[in-house]
Structures are given as structure tokens and as C-alpha cells.
1. Whenever you get a sec, line up A:Tyr248, A:Tyr76, A:Tyr324 from highest to lowest accessible area (probe 1.4 Å, protein heavy atoms).
2. Along each principal axis of its Cα atoms, how long is segment B:3-223 end to end? Whole angstroms, biggest number first, please.
3. Can you pull a Stokes-Einstein diffusion coefficient for segment A:17-59 at 25 °C (0.890 mPa s), Rh from Kirkwood over Cα pairs, as a whole number of µm²/s?
4. Whole number please: convex hull volume per residue of the Cα set in segment A:157-222, in Å³?
5. How big is segment B:96-151 on each of its three principal axes, counting only the C-alpha atoms and giving the largest first in Å?
6. For the protein assembly as shown, give me the percentage of DSSP beta bridges that are antiparallel, rounded to the nearest 5 percent.
7. By how many degrees, 0 to 90 and rounded to 10, does the Cα axis of helix B:117-130 deviate from the longest principal axis of chain B?
8. Sequence gap at least 6, Cα distance under 8 Å: using those rules, report the relative contact order of segment A:47-251 to the nearest whole percent.
Amino acid sequence: MKTLFLKDMRYRQARVVLTALGITVLISLILLLGGIMNGMRIQARQYVESTGADLWISAEGSGGAFIGFSLVIEEYMAFLNAGQGLVPDSASPLVFAQARPNVRGKSTKAIVVGYKLGKLGGPKRAIEGRMFTPSNFEDYRPEDPVPYEVVVDEKMGLEIGEQITLGDEKVRVVGKTESLMFVLDTPLLFMDVRIAQKLLLGNTPHVNMMVAKVNENFPVPEVATQYDEFETIETRTLKQTVGNIIEYYVDEPMKAVQFLRVMLWLAAGILVGMITYVTMLEKTQEIGVLKAIGAANRYVMALLLKQVALMSAVGVILGLILSYIFATAAPIFVAIHFLESVIVVCISFVVCCGSGYLAARKVIAVDPMIAFRGEI
Amino acid sequence: MTAIVEGNGLTKRFGTGDATVVAVDAVDVAIQESELVMIMGDSGCGKTTLISLLGCILTPDAGQIRIEGEAIDPAAQDMSVIRREKIGFVFQLFHLLPYLTALENVMIAMDLARTKTDAAENRAMELLTQVGLSERFHHRPAQLSGGEKQRVSFARALANRPKVIFADEPTANLDSRQSDNLMSLIQELRQEHQTTVAIVTHHEGLKKNADRIIQMKDGRIFGE
Ligand SMILES: Nc1ncnc2c1ncn2[C@@H]1O[C@H](COP(=O)(O)OP(=O)(O)O)[C@@H](O)[C@H]1O
Ligand SMILES: [Mg+2]
């Protein structure tokens with residue numbers, strides 16, 4: 001009977017479905033947790049990479065841009081802009097500061113990015129509305145009547161013309177940019193560097209960091225080392241900066257989660273294995289019957305493996321699909337790594353079938369008369 | 001007369017250490033062609049164990065089994081061939097597969113012996129009709145009474161035209177009218193198929209049907 005294994009499974013529908021669901025849940029948990037970590041990594045790099053800057057310059061002792069506290073005096077701009085190995089005039093001032101704007105009466109997390117429009121550090125144009133009105137950076141005087149305007153992340157759900165409050169000041173939303181959330185779904189608020197200084201840095205002639213482009217005839221790491229040697233600044237390449245952010249914003253705070261992830265892998269492996277193992281052992285009696293009426297061990301093994309493979313495949317694939325659905329529905333950014341999901345799926349499938357096989361082998365080795373008792 | 005099944009020095013122990021039970025203790029036994037043997041004895045004396053050994057569904061700890069004169073070596077041989085070609089077993093608890101219908105439960109035995117599906121289906125229907133279950137082809141074991149399951153089990157045991165049928169307490173779950181019916185059915189089937197039958201029972205009323213009675217006590221045969 002070619003469909004014997006299906007008849008058996010249909011008879012035990014509820015059990016089979018529950019077993020597959022158990023596998024499904026474990027697989028989705030693993031994939032989602034991995035997806036959260038991966039999502040954080042993506043967000044850690046997407047803003048920095050979008051700027052197109054090669055060098056990230058922060059204050060000496062800050063450990064790099066985005067890491068420790070960093071204030072750099074504006075004078076370095078001129079020095080960098082004339083500097084060797086850099087694209088002339090590419091050095092740009094950047095304020096990058098955590099803020100808690102009040103949005104529609106609610107205090108919200110966000111990061112204020114103050115930059116010079118047209119230079120490195122932020123978008124050149126808005127996808128909706130317009131960019132903020134730029135100040136006259138070089139001849140700026142605090143009393144200049146530059147309007148407080150901000151360009152927001154499209155995913156913040158703000159309307160153009162709406163006002164948000166930063167500190168005591170009202171800032172008007174004039175445009176939207178393509179979403180570039182920072183780690184943990186933190187939206188970026190782009191504004192003129194002078195306004196950012198005024199709102200967040202007490203109106204002093206400092207910025208948090210400067211960015212610049214390296215002349216394409218020069219190797220980036222060497223130029224970075226060369227500028228890093230100056231006593232008052234630290235200079236990192238884009239690659240180093242991304243590495244720093246990932247380490248500082250993702251890997252270190254998420255150490256416990258990483259640990260949990262390893263534990264989850266172990267637990268899932270053991271559970272998934274146990275589920276199939278026990279499911280197979282439960283068939284001891286029937287296997288005894290089949291053998292007693294003349295089924296060869298090979299026949300019984302094929303029957304059991306077909307069942308375990310089908311059940312595992314359904315559980316694993318369902319887990320895969322479900323985790324992608326959950327990922328889009330999740331309240332935070334979850335990016336399941338395709339390669340990881342393939343690996344998880346393969347390993348789980350192998351673990352399921354492997355433990356099913358081990359159990360089947362154990363059951364099959366028993367004399368039918370002993371198997372009838374159901375306890376081995 | 002030739003022995004269909006023969007056991008020499010058969011021994012089977014269960015458990016270890018102090019809890020060891022010698023269920024069958026150095027038993028010599030032979031079941032001759034076409035006879036109807038009854039194995040009787042108190043509960044726990046080793047009847048089920050003995051026919052399981054003879055029926056090749058349990059490996060003895062010591063002793064030798066011969067089927068139609070050929071020595072069986074469970075370690076070296078594929079026992080499934082013997083089980084499906086030479087032996088039919090009616091278990092005390094029927095042991096039908098719960099997910100198959102009565103018809104499929106009979107067919108599966110023939111399927112294992114690689115009988116073509118059509119032929120298997122025809123024979124299964126024939127056998128089930130013969131045991132009075134023509135109205136129950138498509139019922140699952142859960143939908144059958146004890147007596148009906150017993151008869152499906154019989155039909156399954158007969159399916160591959162075995163040399164010998166072992167039946168373990170076939171009347172234990174039946175009332176006296178049902179067990180009389182079953183015994184006459186067995187006699188009828190025996191006439192027709194010349195099958196050798198060994199029945200384990202402690203039902204004194206069945207004795208009259210037997211060609212020979214083997215008495216067991218504490219794992220040994222003490223009288224015939
Ligand atoms: N699979 C088993 N595991 C352990 N003990 C068993 C097993 N089968 C039978 N026994 C023991 O062997 C003895 C004989 O059992 P059995 O052959 O079933 O007797 P009977 O069929 O005559 O009632 C009993 O003491 C029983 O408890
Ligand atoms: Mg018994």
C-alpha cells in the first residue's frame with residue numbers, strides 16, 4: 001500500500017498537525033530572533049553608508065564618531081577642506097544627537113541630524129515636500145532669521161506642515177525623506193546644522209563630527225591614518241565607523257540576547273529532535289504489528305522516514321513562511337537573513353529526520369512480541 | 001507425519017537480576033502438519049511466550065526452531081520472509097492497524113507479500129465474507145466489536161495461505177455462542193485450507209475440538 005504512511009498520518013491528523021506546529025513555532029522563533037539582530041545591523045549601517053562619506057572625524061578620545069561624546073570646533077573644517085588626499089571642499093559639519101521631540105503631544109525617540117544642505121551627511125532632496133531652508137553657514141549669526149524646519153523620515157507618519165517640539169522650540173515639517181532608520185527603529189530628523197546647534201548644542205560653534213570624501217587617487221585607510229595622527233581629532237574610515245556602530249549599538253548591548261539565541265538554538269534542536277523521537281517511539285506497537293505480519297525492517301524504516309520527513313518538511317516550511325509574515329507584521333524592524341533561514345531550515349530538517357531515524361532504528365530492532373507491549 | 005514447526009530446548013527469560021522470569025524453560029515441542037493443537041495452562045505459565053517463539057515474533061535466548069525442517073537463525077535471517085510466507089498469527093488483542101479498514105487490514109498482509117492489489121483485494125473480500133464480515137469491509141477497528149476484530153484478525157492470518165496459524169486466546173473476548181461460532185469457523189477453514197493450527201486457550205470447553213493438547217506449567221510442558 002503506497003499510501004500507508006499517509007493513511008496513518010491522516011488517522012492521527014491532530015497529532016501530526018500539533019507536531020508540525022511545534023516545529024513551526026521553534027523555527028519561527030529562531031528566525032525572528034536572528035531577524036531582529038540582523039535588522040539592527042542593517043539599521044546600524046544604512047544611514048552612515050547613505051552619506052557617501054569616506055572619513056568620519058570626531059574629537060580625540062571619543063573612540064570614533066557615534067561612540068563616545070564628541071565635540072569638534074568648526075575651525076577644523078577649513079583645515080580639512082585644504083587637506084591633502086581629500087576631495088576639495090568635501091569636508092562637512094555634522095550634528096548627530098539623540099533627542100526626544102514631542103510629536104503630537106507624545107515624547108518620541110529620534111535622532112537629530114544637522115548638516116549643511118548639499119554637503120555630505122544628509123539627503124540632497126526630499127521625496128515629498130521640500131528640503132529645509134539652509135542657513136548661511138559661514139556668515140551665520142545666531143540672531144539670523146532662519147526658519148526652524150525639519151525633513152522627517154517618511155515612516156514617522158508626520159504630515160507636511162505639522163509642527164513638532166524640540167526642547168522649547170517648535171519645528172515645522174517641510175519634507176520627507178526615504179526611510180533611513182537608525183538602530184532600533186529610531187527615525188532621523190534632518191535639519192540645518194545651525195538650527196541643530198541652536199536647539200541641541202547651546203548655540204556654540206561646535207559640531208559632533210565632520211565627514212569628508214577621499215580623493216579617489218588616494219587609499220582611504222592611509223588617508224584616515226594620516227588624519228588620525230592629529231592630536232585633537234580621531235579619524236575613521238567608513239568601514240571602521242560601521243564596525244564601531246555595530247559593536248557599540250548592536251553587539252555589546254545585545255550580548256545577552258546573543259546568548260539567548262544560542263540557548264534557543266540548543267533548546268530548539270533538542271525539542272525538535274525530541275518531538276520527532278517521541279512521535280516515533282509512540283508507534284512501537286504498530287511497528288510490532290507490521291513486523292509480526294511480515295513487514296521487513298527496510299519497509300518499516302521507509303514508512304517511518306517518509307512520515308517524519310513529511311512532518312518535518314511541513315513544520316519547517318511553515319515556520320519559514322510564518323517567520324517572514326511575522327517579520328513584516330512585527331512592531332520593530334526585522335530582517336530575516338535569507339542565508340540564515342536556509343541554514344536553519346536545513347539544520348532543523350536534518351535534526352528532525354535524524355532523531356526520527358534514531359528512534360525508528362531503536363523501535364525496529366525490537367521483536368514484535370515485545371513491541372506489542374508498547375514499552376521499550 | 002512431518003513437523004511444521006519444531007522447537008528444541010527453547011528458553012526465554014524476561015527481566016534482569018532478581019526480577020528475571022523464565023517464561024519458557026528448555027521446552028521441546030513439535031507441531032505436526034494439519035493438526036489442531038491446543039496449548040493450555042494457567043495464566044502466566046508461558047503460553048503466549050511459547051507461541052511467539054514458535055511463530056518467530058520473539059527471539060529465543062536459547063534453543064532452536066525449525067520450520068518445515070529448516071533451522072531458523074534469527075540473527076542471520078530476514079525473519080520477515082518467514083513471518084509473511086509461513087506463519088499466520090491471531091493475537092489475543094487482535095493488533096489490527098487502527099488507521100486501516102477491515103479490508104485494508106487484510107490486504108496489508110498480502111501487500112507485504114507483494115500480491116497485486118487487485119488480487120489482494122479480491123482475496124481479502126473473500127476471506128472477510130467467509131468469516132461473516134461482508135458488511136464490514138470499510139469499517140475501521142474502532143467501529144468493530146471484539147468478535148468482529150477477532151475475525152478480521154483471522155482473515156488477515158489466513159491471507160497469505162500460511163503453513164501454520166497461531167491463535168492466542170482467540171475466544172477470550174467472545175461469549176460462548178461467539179466462541180462456538182469461531183471454533184466451527186476454524187474447523188471449516190482447516191478443512192478447506194489444510195492449515196495447521198495451534199491455539200492457546202484456557203477455555204476447557206474448547207478441548208473437544210483439539211487433536212492434541214499440550215499442558216504447560218511454569219514455562220515447561222508437563223503433559224500432552
Ligand atoms: N515482554 C515481557 N516482558 C517481561 N515479562 C514478560 C513479557 N512477556 C511475558 N512476560 C512474563 O513471562 C511470563 C509468561 O508470560 P506469558 O507467556 O504471557 O504467559 P501466558 O500467556 O501463559 O499467560 C509471565 O510471568 C509474564 O509476566
Ligand atoms: Mg497469554
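The values are calculated or read from the model by the stated rules, or taken from the named source; none is laboratory data. Predicted, not measured: the structure shown is a model, and the values here were computed from it. Neighbour counts are summed over all protein chains in view; Cβ atoms, including those assigned to glycine, are modelled from backbone coordinates with ideal geometry. These area figures cover heavy atoms from the full protein model, side chains too; ligands, DNA and RNA do not enter into them. Shrake-Rupley method; radii C 1.70, N 1.55, O 1.52, S 1.80 Å.
1. Working: A:Tyr248 110, A:Tyr76 50, A:Tyr324 85 Å².
Descending accessible area places them as A:Tyr248, A:Tyr324, A:Tyr76.
2. 49, 40, 34
3. Numbers: Rh = 13.2 Å.
Reported coefficient: 186 µm²/s.
4. Values: hull volume 10.2 nm³, N = 66.
Per-residue hull volume (Cα only) is 155 Å³.
5. Extents along the principal axes, in whole Å: 29, 22, 15.
6. Numbers: 51 of 79 bridges.
Antiparallel bridges: around 65 percent, rounded to the nearest 5.
7. Around 80 degrees separate the two axes.
8. Details: 444 pairs, mean separation 69.0, N = 205.
Relative contact order comes out at 34 percent.
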